[in-house]
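There's a structure below that I have some questions on.
The values are calculated or read from the model by the stated rules, or taken from the named source; none is laboratory data. Bear in mind that the values here come from a model prediction, so they are computed numbers and not experimental data. We place every Cβ from the backbone using ideal geometry, glycine too, and count neighbours over all the protein chains shown. Just so you know, the surface numbers come from the protein's heavy atoms only, side chains and all, with ligands and any DNA or RNA stripped out. Shrake-Rupley method; radii C 1.70, N 1.55, O 1.52, S 1.80 Å.
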Amino acid sequence: MQSLTQRAKPVDRSPMTWLEKIYLWNIFKGMLITFRHFFKKRATIQYPEQKRPFSPVFRGLHILNRDEQGRENCTACGLCAVACPAEAITMEAAERLPGEEHLYREEKYAARYEINMLRCIFCGLCEEACPKDAIYLSETFAPANYSRKSFIYGKPDLLIPDPVKHPEEYAKAKGELDKKKSKP
Amino acid sequence: MNLLALDGAFVLEKLILIAVVISISLVVAMYATYVERKFAGFIQDRHGPNRAGPFGLLQPLADGLKLFFKEEIIPNNSNKLLFVLGPCLAMLTAMMTSAIIPWGGTVELFGQQVSLQIADINIGILYVFGVVSMGVYGMMIGGWASNNKFSLMAALRGASQAISYELAMGLSLIALLMLTGSLSLKTITEQQVTGLWNIVYQPVGFLIFFVCALAECNRAPFDLPEAESELNMGYHQEYSSMKLGFFLFAEYINMFISCAIIATLFFGGYDIPFVDESTWSGGAAAIGGVLALMTKTFILILVFMWIRWTLPRFRYDQLMNLGWKGLIPLALLNMVATGAVILLTMKQA
């Protein structure tokens, strides 16, 4: 039979030599190998202090975006819910009332916006489907929790911090988003 | 030895010495677990424990505390008395061997010559063998009383392994005893302080003794009684809480003591190499001697660990082959060769 690669090596089944039979020399060689590992670079990343850099295409927890004046982008069009293959997104639309222009960018907004993080497969199709730049997948990943209920994230969990009231937190979240946007 | 010459000071001195030796053994055993985990980490390109305290130095305390607070479980169908006796016996025998190791020379304290050895008995090595062969009872009783087939199998393995390797161990020592002419560890050490270390005369004997010590301590590559992958921890599978801790602890104490014995028998005991300490004052020489013995012991412990994290476990038949067909004939040969050499040199003299 023709071999697929040139890498296959035949197994050496010749009887052991005397040196191999007394093991000692080979044990010594093995100990030298482990001794060399003593001085090698550790592969560990000391987690809470050090973090592994994410890949530029990493898809973590969702963020509901705001514009520069702190108004929610989402218009509750439902395209993300339609795009979602795991059917993790639910929303309820509501009409913007007079006097709420500083809260919502357009006439319609999501009164309720829920993502079930246990159903979500973090595919990012909602992000692709959104016409209003309203939903993004951030670089935080799902934290542990005690109950299933707490994995249904509502608007308070998802909304990005207000750029007017909390500029620092907003900038932190936004910085990651800008990086994401600028990627090819 | 005149037993009637016991006085209060003597008893007190020995009691203090026993307390000190036992607490040192416990602390060393405790930190041996830490060193072992660090060592394993370094060999496997990891850090080892580094969270509890600086460099993870409090890890053994945390482990010990955890063991104390774990639920104490005695299985329903076990033999309750023997189940408790097992770890106690393991711990007891592990401690008992430390009695005859000469930790150092003599110090003068409060106008009395205090020997840093709990008991200088003239059958020292025989005593070690007696206690070591009793050590396997802890494992056997524990494994049998658990009423668990894995534990029983581990106990069987442990017992047969101990018996096979004790033979080779004893035979390898006979050659050494032919040279020293004494069973007392004190005498053997003092011979090495003035002369050469025994490893020079008995390299093969050392090798056999070392391999057998690995097997007696149930250290890898001879850790068949607790083979995690085949017997799920073996004889201490049913144990929890501090009873498990006793088994694990006894193992580390055994390792410490056997390393100390190897250092005493083959590496000059409390002899400081390349230094003539006989000119020093008594106290300094004794402290230096203790430090020297401890250093040698620690180096040997590190070698034990190094071997553990390098070699995979032997298969059971390989273990028996090595013991009966490899080490015992080699030890016999070594014995005959040593005898022949002694005979020839004596004739010349």
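Examine the range A:81-99 for a residue that is β-branched (Val, Ile, Thr) and surrounded by fewer than 17 Cβ atoms within 10 Å (Cβ to Cβ), and state whether such a residue exists.
Yes; the residues of the range A:81-99 include at least one that is β-branched (Val, Ile, Thr) and surrounded by fewer than 17 Cβ atoms within 10 Å (Cβ to Cβ).
Name the residues in the range B:163-192 that are open to solvent by less than 50 Å² (accessible area, probe 1.4 Å), in a helix (DSSP H, G or I) and at pLDDT below 85, would you?
B:Thr180, B:Leu185, B:Lys186, B:Ile188, B:Thr189, B:Gln192 - these are the residues of the range B:163-192 that are open to solvent by less than 50 Å² (accessible area, probe 1.4 Å), in a helix (DSSP H, G or I) and at pLDDT below 85.
Next up: Just to be sure, is B:Phe68 open to solvent by less than 20 Å² (accessible area, probe 1.4 Å) and in contact (Cβ under 8 Å) with a residue 24 or more places away in the chain?
Considered against the rule, which asks whether it is open to solvent by less than 20 Å² (accessible area, probe 1.4 Å) and in contact (Cβ under 8 Å) with a residue 24 or more places away in the chain, B:Phe68 comes out as no.
Which pairs do you get when a residue that is without any contact (Cβ under 8 Å) to a residue 24 or more places away in the chain, found in the range A:152-165, comes within reach of a residue that is in a helix (DSSP H, G or I), reach meaning Cβ atoms under 7 angstrom, with the pair 6+ apart or on two chains?
Correct list of pairs: A:Pro161/A:Glu169; A:Pro161/A:Tyr170; A:Pro161/A:Ala173.
So, in the range B:145-161, how many residues would count as being surrounded by fewer than 23 Cβ atoms within 10 Å (Cβ to Cβ) and either within 16 Å of the chain's Cα centre (by Cα) or under 18 Å from B:Ala250 (Cα atoms) (or both)?
Number of matching residues: 1.
Which ones in the range B:19-78 are outside any helix (DSSP H, G or I) and farther than 27 Å from B:Ile307 by Cα?
Of everything in the range B:19-78, those that are outside any helix (DSSP H, G or I) and farther than 27 Å from B:Ile307 by Cα turn out to be B:Gly53, B:Lys70, B:Glu71, B:Glu72, B:Ile73, B:Ile74, B:Pro75, B:Asn76, B:Asn77, B:Ser78.
Scan the range A:26-74 for residues that are at the interface with another protein chain (Cβ under 9 Å from one of its Cβ atoms) and among the basic types (Lys, Arg) and jot them down.
Those that are at the interface with another protein chain (Cβ under 9 Å from one of its Cβ atoms) and among the basic types (Lys, Arg): A:Lys40, A:Lys41, A:Arg42.
If you go through the range A:1-25 one residue at a time, how many are aliphatic (A, V, I, L, M) and more than 14 Å from every other protein chain (Cβ to nearest Cβ)?
Count: 5.
Give the residue that is farthest from the chain's Cα centre (by Cα), with candidates limited to residues of the range B:32-51 that are within 17 Å of B:Phe246 (Cα to Cα) and either surrounded by 19 or more Cβ atoms within 10 Å (Cβ to Cβ) or within 8 Å of chain A (Cβ to nearest Cβ) (or both).
Here the answer is B:Tyr34.
Yes or no: B:Ile253 in a helix (DSSP H, G or I), within 14 Å of chain A (Cβ to nearest Cβ) and buried (at least 20 other Cβ atoms within 10 Å of the Cβ)?
No; evaluated as a whole, the condition is false for this residue.
Which one of these is modelled with pLDDT under 85 and not hydrophobic (A, V, I, L, M, F, W, C): B:Pro102, B:Pro49?
On inspection, the qualifying residue turns out to be B:Pro102.
Still on this structure, I have one more. Could you go through the range A:38-57 and let me know if any residue there is under 25 Å from B:Asp45 (Cβ atoms), open to solvent by 60 Å² or more (accessible area, probe 1.4 Å) and small (Gly, Ala, Ser).
yes
Here's something else I'd like to know. Restricting attention to the range A:135-167, report how many residues are loosely packed, with under 11 Cβ neighbours inside 10 Å and of a type outside the set (Phe, Trp, Tyr).
Within the range A:135-167, residues that are loosely packed, with under 11 Cβ neighbours inside 10 Å and of a type outside the set (Phe, Trp, Tyr) number 7.
Shifting gears a bit: Looking at the range A:1-27, which of its residues are open to solvent by 100 Å² or more (accessible area, probe 1.4 Å), closer than 30 Å to B:Leu302 by Cβ and either at pLDDT 85 or above or among the aromatic types (Phe, Trp, Tyr) (or both)?
A:Trp18, A:Trp25
I've got another one for you. Being touching a helix residue (DSSP H, G or I) at 6+ places or on another chain (Cβ under 9 Å), touching a residue at least 12 places away in the same chain (Cβ under 8 Å) and surrounded by fewer than 19 Cβ atoms within 10 Å (Cβ to Cβ) narrows it down to one residue among B:Asn198, B:Asn218, B:Asn232; which is it?
B:Asn232
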